[in-house]
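Reviewing the structure listed below.
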Amino acid sequence: MKTLRIEDYALIGDCETAALVGRDGSIDWLCWPRFDSDACFAALLGTPENGCFRIAPVDEAQVTRRYRDNTLILETSFETKDGAATVIDFMPVRTGASDASDLVRVVRGDRGTVTMSAELTLRFGYGSVIPWVVRLDRETLRAIAGPDMVLLRSPVELQGKGFKTVGEFNIAAGETIPFTLVHSQSHLPLPPAIDPAEALIATERFWQNWVAPARGGGRFAGLIHRSLITLKALTYAPTGGIVAAPTTSLPELIGGERNWDYRFCWLRDSTLALLALMNAGFYEEAEAWRDWLLRAVAGSPDQIQIMYGIAGERRLTEWEVPWLPGYRNARPVRIGNGAHQQLQLDVYGELFDSLHQGRAGGLSQSEAGWNLQLALLAHLERAWREPDEGIWEVRSQRQHFTHSKVMAWVAFDRAVKDVERFGLPGPAGRWRRICGDIRADVLTNGFDTELNTFVRSYGTRELDASLLLLAEVGFLAADDPRFAGTVRQIEKRLLRDGLVYRYDTLVSEDGLPPGEGAFLACSFWLADAYVLMGRRTDAERLFERLVALCNDVGLLSEQYDPAGGMQLGNFPQAFSHIALVNTAFNLSAYSKPAEQRAERAPDQEKA
């Protein structure tokens, strides 16, 4: 069977986990019951034998698909020589105290009569564990393996064949035939059956009611709404944590080993996510994300991590899955993420900027939250001079990354603003002096006067796309010649085929073999820099180029391969969609995220 492209998948989810549905009608990825649970469908990273659930015509078909307007309900339509049918896929948002999670597939006949095939291959433990399947009644099968139980309910006559559950059926125009999967813990009583038609109505109402208050966006409103729905789907509702992506190990280079588990929550995403949600009017979600941040980082200041689990878990031990060959043989498949143990000084700036933007946006505050910030600053006052692994989580030796130093400056700068604007207690004078020390250090060691550009790390002449944020975070004015020079050098050396790469993996040591795609969030950052510099035409041209890379249902991965014309990396990627929303607001809205972050004190030195 031909391997689908990453962009051939679409997302469905219930705000606690998510599944990827291919254009061929196969669900090839699902971790149940949480984003970070073991996958029971892992064909995405292996073969159909590693778990999938396919419903599609027996005969060859033309395929189109769409989301129902302003929902996460996917409709995949198949046109055959005998007729047409649509598979409607969705996951009802969980309600009440039950731990059960449902996935519903409704086959609808649209024209003529179509012979359909259903094939369910359940494999718990990331595609390795074959469950014990029994028939409970004419329409119900139960599969159990250890702690996991899945029920399949359908009126279609199904049978076991080669450790799979298979069946064929005819669907005529005007008919609907449902298939429901429900996951629960195996020691609990059987979860009650849901009514698929009622669940479809309730799910459509949930998503449309949720996105209805979204504000702003102008001509980009449709793009913004799709990205906001995607962000909501990647939010773990019980805690408010936003996962970077629902997948692991989709490669940044086909056949390469830059394959990481993104089913966790990164502090790196915090400020931009908060601004995207607040500017769109979703203050409840923004406050839930802010509260998750405060709970996650609570504890000893020197133990702050760059990422946490969806409930704030700290131990994210990385291991490799030997039985999965990887997407298009990109090994290894990794579970967990070893970068959680790295030192990244930039997370302090992201955290402080998030909390400052939350205060500026009117989110409720607590004394305990400010006390935690005071303790973090006391630690950062000593730590900012240390080398670290940087925003891109290099797996080589630590370096003095310019972006890391700038974000340490951001932490103290936002603390000063919090004292001055909101009357919070703190030694603003001392913090202002530390800002001056960090600034002098960066201007002395992080700027190459000959090239007229800031550099990736002290002592090198390499570039890094994170330097595009220098004006946005307020470290420099957008009209500063040094920022303009940095943008020119990035355009010259990191902009290829109209897209921005994070850094040059051929010359920048990061502990991994070279090669990756263009980083989509960084490309949006360049558009944001153009907006701040007054280069609006360039910003709009780049934005149009980027949104054209969305797949047919409006989703983006982490990276893009211009040569191969395909998306790369984990999918869909929260960071890419956050960046899309913020750039769209920068181009269309009164509240521009880039200007909100770039707020500069009147007396802030320019030299």
Tell me, how many Å apart are the Cα centres for segment 297-351 and for segment 365-403? 17
Dipole of segment 276-376, Cα-centred, from +1 at each Lys and Arg C-beta and -1 at each Asp and Glu C-beta, to the nearest 20 debye? 400
Taking amide H positions as placed 1.01 Å from N in the peptide plane, with prolines and chain starts having none, which residues 5 or more places from residue 175, or on another chain, fall under 5 Å of its amide H? 109
With Cα coordinates, the longest principal axis of the chain makes an angle with the long axis of helix 481-493, in degrees rounded to 10, of 40
Using 0.36 nm per residue, how much length does the chain from residue 221 to residue 99 gain when fully extended, once their Cα-Cα distance is taken away? 40.4 nm
Could you give the dipole magnitude of segment 110-206 about its Cα centre, charging the beta-carbon of Lys and Arg +1 and that of Asp and Glu -1, in debye to the nearest 20? 340
Starting from the Cα of residue 3, step 7 Å toward the Cβ, then list every residue of segment 223-260 with an amide N under 18 Å from that point. 247-260
Could you give each residue of segment 535-548 its phi-based ³J(HN,Hα) in whole Hz, using Karplus coefficients 6.51, -1.76, 1.60 with θ = phi - 60°, and x for Gly or Pro? 8, 4, 4, 5, 5, 5, 4, 5, 4, 4, 4, 6, 5, 5
Averaging sequence separations of C-alpha pairs under 8 Å and six or more residues apart, then dividing by the length of the chain, give the relative contact order as a whole percent. 12
Using 0.36 nm per residue of separation minus the Cα-Cα distance, give me the extension gain between residue 212 and residue 186 in nm, one decimal. 5.5 nm
Once phi for every residue in segment 182-198 is put through the Karplus expression 6.51 cos²θ - 1.76 cosθ + 1.60 (θ = phi - 60°), the whole-Hz ³J(HN,Hα) values, with Gly and Pro written as x, are 9, 9, 8, 6, 5, 8, 8, x, 4, x, x, 6, 9, 8, x, 5, 5
Roughly to the nearest percent, how much of the accessible area of segment 89-174 is carbon and sulfur, given a 1.4 Å probe? 52
At residue 140 and residue 320, where each label point lies 7 Å from the Cα along Cα→Cβ, what is the point-to-point distance in nanometres? 4.4
Can you give me the long-range amide H partners of residue 456? Hydrogens built in the peptide plane at 1.01 Å from N, cutoff under 5 Å, separation of 5 or more residues or another chain. 462, 463, 464
Using 27 Å as the Cα-Cα cut-off, could you pick out the over-long pairs in 417/592; 232/592; 405/592; 232/405; 2/81? 232/405
Determine, from the Cβ-Cβ distance of residue 396 and residue 599 and an R0 of 22 Å, the FRET efficiency 1/(1 + (r/R0)^6), rounded to the nearest 0.05. 0.05
Inter-site label distance for residue 132 and residue 509 at 7 Å from Cα along Cβ, in nm: 5.5
Gyration tensor on Cα atoms of segment 268-365, a ≥ b ≥ c root eigenvalues, a/c under 1.5 rounded, else prolate if a/b beats b/c, else oblate, says prolate
By how many degrees, between 0 and 90 and to the nearest 10, does the Cα long axis of helix 270-279 differ from the longest principal axis of the chain? 80
Helix 428-445: angle to the longest alpha-carbon principal axis of the chain, degrees 0 to 90, nearest 10? 90
Charges only on Cβ, +1 for Lys and Arg, -1 for Asp and Glu: so what's the dipole of the chain about the Cα centre, in debye to the nearest 20? 420
Under the Karplus relation with 6.51, -1.76 and 1.60 and θ = phi - 60°, whole-Hz ³J(HN,Hα) for segment 22-32, x at Gly and Pro, equal x, 4, 8, x, 9, 8, 10, 8, 7, 9, 10
Please compute, for the alpha-carbon atoms of segment 100-218, the extent along each of the three principal axes and give them in descending order in Å. 52, 39, 25
Amide H contacts under 5 Å for residue 314, restricted to residues at least 5 apart in sequence or on another chain and with H modeled in the peptide plane, are 309
Which order do you get for 2, 161 if you rank them by accessible area with a 1.4 Å probe, largest at the top? 2, 161
Computed over the chain, protein heavy atoms only, probe 1.4 angstrom, the accessible area per residue in square angstrom equals 36
P(r) for segment 340-484, please, calculated from all Cα pair distances in 5 Å bins and given in %. 2, 10, 20, 22, 19, 14, 9, 4, 1, 0
Could you point to the label whose value was computed as Rg and Dmax of the Cα atoms in Å for the structure here, given (1) 32.6, 123; (2) 29.7, 88; (3) 24.6, 78? (3)
Linear extension gain, residue 452 paired with residue 430, 0.36 nm per residue minus alpha-carbon span: 4.8 nm
Give me log10 I(q)/I(0) at q = 0.11, 0.14, 0.21 Å⁻¹ for segment 199-281, Debye formula, one equal scatterer per alpha-carbon, no solvent. -0.40, -0.62, -1.08
With a Cα-only, solvent-free Debye model of segment 1-117, what are the log10 I(q)/I(0) values at q = 0.11 Å⁻¹? -0.37
Give, to the nearest whole percent, the P(r) tail of segment 428-560 beyond 20 angstrom, counting all Cα pairs. 49
Remind me, relative contact order of segment 461-607 in percent, using alpha carbon pairs under 8 angstrom and six or more residues apart? 25
Output for segment 370-455 (equivalent-ellipsoid semi-axes, sqrt of 5λ from the C-alpha gyration tensor, Å, descending) is 26, 16, 10
Taking the Cβ-Cβ separation of residue 193 and residue 303 as r and a Förster radius of 60 Å, what is the calculated FRET efficiency to the nearest 0.05? 0.85
For segment 180-332, give the percent of accessible area contributed by carbon and sulfur heavy atoms, probe 1.4 Å, rounded to a whole number. 53
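The values are calculated or read from the model by the stated rules, or taken from the named source; none is laboratory data. In this text, all values refer to a predicted model and were calculated from it rather than measured experimentally. Neighbour counts are summed over all protein chains in view; Cβ atoms, including those assigned to glycine, are modelled from backbone coordinates with ideal geometry. Side chains are part of the model used for accessible areas, which takes the heavy atoms of the whole protein and leaves out ligands, DNA and RNA. Shrake-Rupley method; radii C 1.70, N 1.55, O 1.52, S 1.80 Å.
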